[in-house]
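Worksheet: one structure, shown below.
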Amino acid sequence: MTDKYEVRIQQVIDRYIQASYGLWNALLTVNGLILAAATMVSGDQVSYLKLLVVVLALVSIALLTYNYVAMKLTYFRIGEVVSGNPDDLTSEKKEKDISLSLARNKRVKWFENSCLGILFVQALLLVASFACAIA
């Protein structure tokens, strides 16, 4: 019974990680497209709205890149612990690893939600920019 439970937990964790990576890839792609489109459309006529869209895209890309690095560092540390000598892992090191991982996880969640909010703001700014250009 315990083996099935642990297998199911691992499946859920794997799906969560895949979903996170999928979301981050989609956000990076959309921000890359927004960045490319905003710079191409601006041409000779640079507006503050388009400039703000570009800045927000760069901020979002930076936050998402941090998420990938944080996840990589977390798994790298897990690999170090698993492949290392278990006697070297003191309770202080365990506490430090846990607190560091929890802090990274909080930042990753906050950055992910921030990027979703930034995407919404970018869409509004692009619509406003195009509306101003048409008018």
Does the range 13-46 hold any residues that are assigned to a helix (DSSP H, G or I), modelled with pLDDT under 80 and over 19 Å from residue 117 (Cβ atoms), and which are they? 37, 39, 40, 41, 42
In the range 94-109, which residue that is surrounded by 12 or more Cβ atoms within 10 Å (Cβ to Cβ) and within 18 Å of residue 62 (Cα to Cα) is nearest to the chain's Cα centre (by Cα)? 108
Report the residue count in the range 112-123 for those that are surrounded by 12 or more Cβ atoms within 10 Å (Cβ to Cβ) and farther than 13 Å from residue 57 by Cα. 1
Candidate set from the range 47-58 (those that are closer than 13 Å to residue 133 by Cα and part of a helix (DSSP H, G or I)); member that is modelled with the highest pLDDT: 48
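The values are calculated or read from the model by the stated rules, or taken from the named source; none is laboratory data. Note that the coordinates shown come from a computational prediction; the quantities given were computed from them, not determined experimentally. Cβ sites come from the backbone with ideal geometry, for glycine too, and all protein chains shown count toward neighbours.
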